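Undergrad: Dropping the structure in here first, questions after.
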Amino acid sequence: YHVPPVKLPLSIVYEDEDILVANKPAKMPIHPSMDNYYNSLANALAWYYRDSGNFIFRCTNRLDRDTSGLTVIAKNMLSSAILSDMAVRHAITREYLAIVRGVVTPASGTITAPLSRKPGSIIERCVDFEHGERAVTHYKTLETKNGHSLVSLQLETGRTHQIRVHMASIRHPLLGDAVYGPARCPISGLCGQTLHAGILGFIHPRTGEYMEFSAPLPDYFEKLLRTLS
């Protein structure tokens, strides 16, 4: 479908003839939708490639609108097919940082809880041991401040809302998550869950070389951590 080119902030971490890695800000959807037709990462890239011919948006690891951080976009069909196969095989390394409520106990561990769509909702997911799809999240607490924890999370699988549902299921929802936890947040104007895709690693689809990228915490994360101290 046609993606309207729109001049929007765009942070490119890496680019070659096959792939582009972008650091997406929070509150920016990955692709256009009915209510977000002109403010997505796809719109920004359509503007970036506006002089290069037909633009086709091929994003491999989609992030929620309110999740900031790294995502890889394939620039041709071959790269897209190879990266998509890696995603299906869980061969893409993804590490996130989140601020969650409470002091997580134990401080590190693995959450294995299958997920499915919540009955009656087209958006929400829930833990469903009878009908859900396998979902595994590894976590480690990095620091604790004033009843909140900064947690590193590594996905073994990539289900929709996996981190948000898994952390809520152990009673440590993400700060600012209006769907799976209390939305109240110490920073006025912060909307959405405090989740950042900080590390992304994969084998390059053409060269076969392993590549790993990192993105620093966004400013609002740093401000929030100072607020909680």
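The values are calculated or read from the model by the stated rules, or taken from the named source; none is laboratory data. Here the structure is a predicted model, which is why all the values come from computation and not from measurement. All Cβ positions, even for glycine, are placed from backbone atoms using ideal geometry, and neighbour counts span all protein chains on display. For the accessible areas, the whole protein counts, side chains as well, though only heavy atoms, and no ligand, DNA or RNA atoms are used. Shrake-Rupley method; radii C 1.70, N 1.55, O 1.52, S 1.80 Å.
Undergrad: Round to a whole number: what % of the accessible area of the chain belongs to carbon and sulfur, probe 1.4 Å?
TA: In the chain, the share of accessible area belonging to carbon and sulfur is 53 percent.
Undergrad: Seen from all sides and averaged, what is the projected area of the convex hull of the Cα atoms in the range 99-168, in nm²?
TA: 4.8
Undergrad: Turning to a different aspect of this structure: Take every Cα-Cα pair in the range 1-122 and report what % of them are more than 18 Å apart.
TA: 61
Undergrad: Regarding the range 58-177, what are the three Cα extents along the principal axes, ordered largest first, in Å?
TA: So the three principal-axis extents are 48, 32, 24 Å.
Undergrad: Would you please name the trypsin sites (Lys or Arg not before Pro) within the range 1-99 that are DSSP coil residues with at most 16 other C-beta atoms within 10 Å of their C-beta?
TA: On the way: sites: Lys7, Lys27, Arg50, Arg58, Arg62, Arg65, Lys75, Arg89, Arg94; in loops: Lys7, Lys27, Arg50, Arg58, Arg62, Arg65, Lys75, Arg89.
Hits after loop and neighbour filter: Lys7, Lys27, Arg50, Arg62, Arg89.
Undergrad: Counting Lys and Arg as +1 and Asp and Glu as -1, each charge on the Cβ, what is the dipole of the range 115-229 about the Cα centre in debye, to the nearest 20?
TA: Values: 13 positive and 11 negative charges, 56 e Å.
Roughly 260 debye, rounded to the nearest 20.
Undergrad: Can you give me the long-range amide H partners of Leu195? Hydrogens built in the peptide plane at 1.01 Å from N, cutoff under 5 Å, separation of 5 or more residues or another chain.
TA: Long-range HN contacts for Leu195: Ser68.
Undergrad: Cβ neighbours within 10 Å, averaged per peptide: list 119-127, 134-142 in order, most packed at the top.
TA: The peptides rank, most packed first, as 134-142, 119-127.
Undergrad: Where does the chain land at 222 nm, in deg cm²/dmol rounded to the nearest 500, when only DSSP H runs of n ≥ 4 count, each adding -39500 (n - 2.57), divided by all residues?
TA: Per the formula, -5000 deg cm²/dmol.
Undergrad: Quick one: what do you get for the range 1-67 if you divide its Cα Rg by 2.2 N^0.38 Å? All intermediate terms of the calculation are to be shown ahead of the outcome.
TA: Working: Rg = 11.2 Å, N = 67, 2.2 N^0.38 = 10.9 Å.
So the range 1-67 has a normalised radius of gyration of 1.03.
Undergrad: Residues with beta-carbon under 10 Å from that of Gly198, excluding Gly198: net charge, scoring Lys, Arg +1 and Asp, Glu -1?
TA: So the environment of Gly198 carries a net charge of 0.
Undergrad: Next up: Kirkwood Rh and Cα-based Rg: tell me the resulting Rg over Rh for the chain, rounded to two decimals. List each step's numbers first, then the result.
TA: On the way: Rg = 17.7 Å, Rh = 18.4 Å.
Radius of gyration over Kirkwood radius for the chain works out to 0.96.
Undergrad: Let me ask something else about it. From Cα pairs below 8 angstrom and at least 6 apart in sequence, can you work out the relative contact order of the chain, rounded to a whole percent?
TA: Relative contact order here is 19 percent.
Undergrad: Let me ask something else. Near the amide H of Lys145, under 5 Å away, which other amide H atoms are found, from residues 5 or more places off or on another chain, if H is placed in the peptide plane?
TA: Leu150
Undergrad: Then there is this: Could you put Leu115, Leu8 in order of accessible surface area, largest first, with the 1.4 Å probe and the full protein assembly present?
TA: The ordering from most to least exposed comes out as Leu8, Leu115.
Undergrad: So which residue, out of Met34, Met167, Met86, gets the largest mean-square fluctuation from a GNM of the chain using Cα contacts under 10 Å as springs?
TA: Met34
Undergrad: Treating the angle as unsigned and between 0 and 90°, give the value, to the nearest 10°, between the Cα long axis of helix 219-228 and the longest Cα principal axis of the chain.
TA: So the inclination is approximately 10 degrees.
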